[in-house]
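The values are calculated or read from the model by the stated rules, or taken from the named source; none is laboratory data. In this text, all values refer to a predicted model and were calculated from it rather than measured experimentally. Here Cβ is always computed from backbone atoms with ideal geometry, including for glycine, and neighbour counts include all displayed protein chains.
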Amino acid sequence: MNLFFDTSALVKYFYVEAGTEQVEKLIQNPQNTIWLKLNL
């Protein structure tokens, strides 16, 4: 599955807060492809 994360969602992978467990599962699933939207 293709998943799109903006930086506010991706921070949950590095900083424990509400939603961290769900984001970790999505990112670590080898069937998923992660795409990032960077706000520059």
Any pair with Cβ under 9 angstrom, 6 or more apart, that starts in region 11-32 at a residue that is of a type in the set (D, E, K, R) and ends at one that is surrounded by 10 or more Cβ atoms within 10 Å (Cβ to Cβ) and part of a loop (DSSP other than H, G, I, E, B): Lys12/Gly19
Just the residues that are basic (Lys, Arg) and in a helix (DSSP H, G or I), please, taken from the chain. Lys12, Lys25
Take Lys25 and tell me if it is exposed (fewer than 14 other Cβ atoms within 10 Å of the Cβ), within 10 Å of the chain's Cα centre (by Cα) and modelled with pLDDT of 85 or more. yes
Which of the residues belonging to region 29-40 are out of contact with any strand residue (DSSP E or B) (no Cβ under 7 Å at 6 or more places or on another chain) and surrounded by 10 or more Cβ atoms within 10 Å (Cβ to Cβ)? Asn29
